[in-house]
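What follows is a set of notes on a single structure, which appears directly below.
The values are calculated or read from the model by the stated rules, or taken from the named source; none is laboratory data. Values in this document were obtained by computation on a predicted structure and should not be read as measured data. Methodologically, a virtual Cβ is constructed for each residue, glycine included, from the backbone with ideal geometry; neighbour enumeration extends over all protein chains shown. Areas reflect the complete protein model, heavy atoms only, side chains present, ligands, DNA and RNA absent. Shrake-Rupley method; radii C 1.70, N 1.55, O 1.52, S 1.80 Å.
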Amino acid sequence: MSEAGRTAAIFGCSGPVLTDAERQFFREADPFGFILFARNIDDPAQLLALTQELRSTVGRDAPVFVDQEGGRVQRLRAPHWREWLPPLEAVERAGDRAARMLWLRYRLIAEDLRAVGIDGNCAPVADIRTAATHPFLANRCLADEAARVAELARAAAEAHLAGGVLPVMKHLPGHGRAAADTHHDLPTVTACREELAATDFAAFRALADLPLAMTGHVVFSAYDAQPATLSAPMVGVIREEIGFSGLLMTDDLSMQALSGGIGARAGAAIAAGCDLALHCNGELAEMEAVAAAAGAMGPEALERAAAALARRRPPEPVDSRALEAEHSVLLGGHGHG
């Protein structure tokens, strides 16, 4: 059995405990990993039990992901977990110490996640904020200039790795020019290739050595009429022009930016060159369709998956209280939230 699993997918589940049908499906499908949402989370003891049970269904140390950016996109919340400012607001408060602040923030987040068996975080956002950025994304961005985004996202990613959590940078090849919310609509970016290469793509190019990344459901009309997630030319840009050689997952395939049946979406994403289909809503019939369409990971995807998993390591010991105190000082004494 592969350490990376068999099916080229990451799946959610329906609630805070697995159903018998979910257990059986996960055992048979053996997906690369799992992803959790607020509906799956009650308290630390329950969450740790759930992550342990997810792994037991596949009989290996499968990665378990979550979206814990901080701010609005934060699945683990008070009273059991720390609350965090939106990333952009925290960066603005910390000023020229923002990189250190973000390292502290995500090192503490990594500690929270590891304590409940989560070892993958869908962060950092390395999209560049622009005047067009939709409000659903704007304050989740780190900066409005490629080099600054790359510097800050690097600090966040390194903090995750130091804390034993795999970072998933998003949304390749760049979501900042998208004026629509891809949960509901499909945005089209009309910038020319040269402009994209100097801005959106440049931020990701500086981070191309990171182990995992997520696509964005955005059309880049200079390249293709299909959204990047389903576009072989755009996955080619991610691999060749941006130079990302790590494990590439889709954004959630059930988002409304994509059209067609859920199986067709998964098949198209894998055919375009994505390594993994990400399906989040926990609906079993949809997961069965995704598993059938995505199929087994091929040799290249398995190689990239093994390389990504090899970047997991036991957390380096830290003094959490000291990190929290320094983080608070860098935010001007505002704590996390």
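In the stretch 1-28, the residue that is surrounded by the most Cβ atoms within 10 Å (Cβ to Cβ) out of those that are hydrophobic (A, V, I, L, M, F, W, C) and modelled with pLDDT under 95 is Ala4. Within the option set Leu196, Leu152, Leu142, Leu172, being modelled with pLDDT of 95 or more, among the hydrophobic types (A, V, I, L, M, F, W, C) and within 14 Å of the chain's Cα centre (by Cα) holds for one residue only, Leu172. Scanning the stretch 163-187 for residues that are under 17 Å from Ile238 (Cα atoms) and open to solvent by less than 20 Å² (accessible area, probe 1.4 Å) turns up Val168, Met169, Lys170, His171, Leu172, Pro173, Gly174, His175, Gly176.
Here's the yes/no breakdown for (1) farther than 23 Å from Asp252 by Cβ; (2) among the charged types (D, E, K, R):
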| site | (1), (2) |
| --- | --- |
| Ala293 | no, no |
| Gly298 | no, no |
| Ala306 | yes, no |
| Pro314 | yes, no |
| Pro317 | yes, no |
| Leu323 | yes, no |
| Glu326 | yes, yes |
| Gly333 | yes, no |
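Within the stretch 29-60, the set of residues being within 21 Å of Met249 (Cβ to Cβ) and open to solvent by 50 Å² or more (accessible area, probe 1.4 Å) comprises Ala38, Arg39.
Can you confirm whether Leu196 is closer than 30 Å to Arg313 by Cβ and aliphatic (A, V, I, L, M)? Taking the combined requirement at face value, the residue does not satisfy it.
Listed here are the residues, each with its yes/no results for (1) in contact with a strand residue (DSSP E or B) (Cβ under 6 Å, 6 or more places away or on another chain); (2) at pLDDT 95 or above; (3) buried (at least 21 other Cβ atoms within 10 Å of the Cβ).
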position	(1), (2), (3)
Gly95	no, yes, no
Ile118	yes, yes, yes
Ala131	no, no, no
Ala147	no, yes, no
Val189	yes, yes, yes
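In the stretch 55-75, the residues that are closer than 16 Å to Phe11 by Cα reach residues that are part of a loop (DSSP other than H, G, I, E, B) and among the basic types (Lys, Arg) with C-beta atoms within less than 7 angstrom, at least six apart or across chains, in these pairs: Val66/Arg75; Asp67/Arg75. For the stretch 268-321, filtering for residues that are without any contact (Cβ under 8 Å) to a residue 60 or more places away in the chain, of a type in the set (Gly, Ala, Ser) and open to solvent by 50 Å² or more (accessible area, probe 1.4 Å) leaves 4. Look at Leu137 and say whether it is open to solvent by less than 20 Å² (accessible area, probe 1.4 Å), under 14 Å from Val329 (Cα atoms) and not in a loop (DSSP other than H, G, I, E, B). It is false that Leu137 is open to solvent by less than 20 Å² (accessible area, probe 1.4 Å), under 14 Å from Val329 (Cα atoms) and not in a loop (DSSP other than H, G, I, E, B). Can we say Arg55 is modelled with pLDDT of 95 or more and outside any helix (DSSP H, G or I)? No: the conditions fail for Arg55. Of all the numbered requirements in (1) open to solvent by 10 Å² or more (accessible area, probe 1.4 Å); (2) in contact (Cβ under 8 Å) with a residue 60 or more places away in the chain, Ala232 misses one, and that requirement is (2).
Run Ala191 past the list (1) part of a loop (DSSP other than H, G, I, E, B); (2) farther than 21 Å from Met169 by Cβ and report the number of the one that doesn't hold. Every condition holds for Ala191 apart from (2).
Checked against the criteria, Ala153 counts as within 17 Å of Val73 (Cα to Cα) and assigned to a helix (DSSP H, G or I).
Scanning the stretch 29-50 for residues that are in a helix (DSSP H, G or I) and farther than 19 Å from Ala305 by Cβ returns Ala38, Arg39, Asn40, Pro44, Ala45, Gln46, Leu47, Leu48, Ala49, Leu50.
Where helices (runs of 4 or more DSSP H) fall wholly inside the stretch 233-337, the ranges with 1 or more residues that are within 30 Å of Arg97 (Cα to Cα) and out of contact with any Gly (no Cβ under 9 Å at 6 or more places or on another chain) are 320-330. For Ile118, state whether it is more than 27 Å from Asn40 (Cα to Cα), in contact with a helix residue (DSSP H, G or I) (Cβ under 9 Å, 6 or more places away or on another chain) and in a loop (DSSP other than H, G, I, E, B). It is false that Ile118 is more than 27 Å from Asn40 (Cα to Cα), in contact with a helix residue (DSSP H, G or I) (Cβ under 9 Å, 6 or more places away or on another chain) and in a loop (DSSP other than H, G, I, E, B).
Residue-level check: of (1) within 21 Å of the chain's Cα centre (by Cα); (2) farther than 20 Å from Tyr106 by Cβ; (3) among the charged types (D, E, K, R), Glu69 misses just (2).
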